[in-house]
Amino acid sequence: MSNSFFSFSEKGRVESRPFFCYYSGEMFEAQIKITLKKTVADPQGLTVKHALEALGFDKISGVRMGKFITIRIEEKEEEKAKEKAKQMSDKLLANPIIEDYSIEVVKI
């Protein structure tokens, strides 16, 4: 079983394959930063804060954890690429009940 990006070995391991894309539009990179809302407790951030203090780092008032996702989008206009990234974030990448996100789109 294979597709353009990966092939699967006899043992079921995924092996990357070269992939060449020819597209006449522009290429953009959406940089999506996802964080917990300020009103949501962050136990992972608290654990990291305590670990940093145990390592001797002092004067830390708080740590908040989050996610940073980059997605390359083929689109002709920057605004359309940003709208696609917003739809991806709303539908899958972020949980709007407990998370906020910001999107920056750059041409590459």
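The values are calculated or read from the model by the stated rules, or taken from the named source; none is laboratory data. Just so we're clear, the structure is a prediction, and the values are computed from it rather than from any experiment. A quick note on method: Cβ atoms are made from the backbone with ideal geometry, for glycine too, and the neighbour counts reach across all protein chains shown.
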Within region 88-108, considering residues that are touching a residue at least 60 places away in the same chain (Cβ under 8 Å), within 18 Å of ASP42 (Cβ to Cβ) and over 12 Å from the mean Cα position of the chain (by Cα), the one surrounded by the most Cβ atoms within 10 Å (Cβ to Cβ): GLU99
Any chance region 61-80 includes a residue that's loosely packed, with under 14 Cβ neighbours inside 10 Å, out of contact with any strand residue (DSSP E or B) (no Cβ under 7 Å at 6 or more places or on another chain) and polar (S, T, N, Q)? yes
Quick one: which residue in THR47, THR35, THR70, THR39 is of a type in the set (Val, Ile, Thr) and part of a helix (DSSP H, G or I)? THR47
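Looking for whichever is at pLDDT 95 or above and more than 21 Å from the chain's Cα centre (by Cα) here; the options are ALA30, ALA85, ALA51. Which one fits?
Details: ALA30 fails: more than 21 Å from the chain's Cα centre (by Cα); ALA85 fails: more than 21 Å from the chain's Cα centre (by Cα).
Residue meeting the stated conditions: ALA51.
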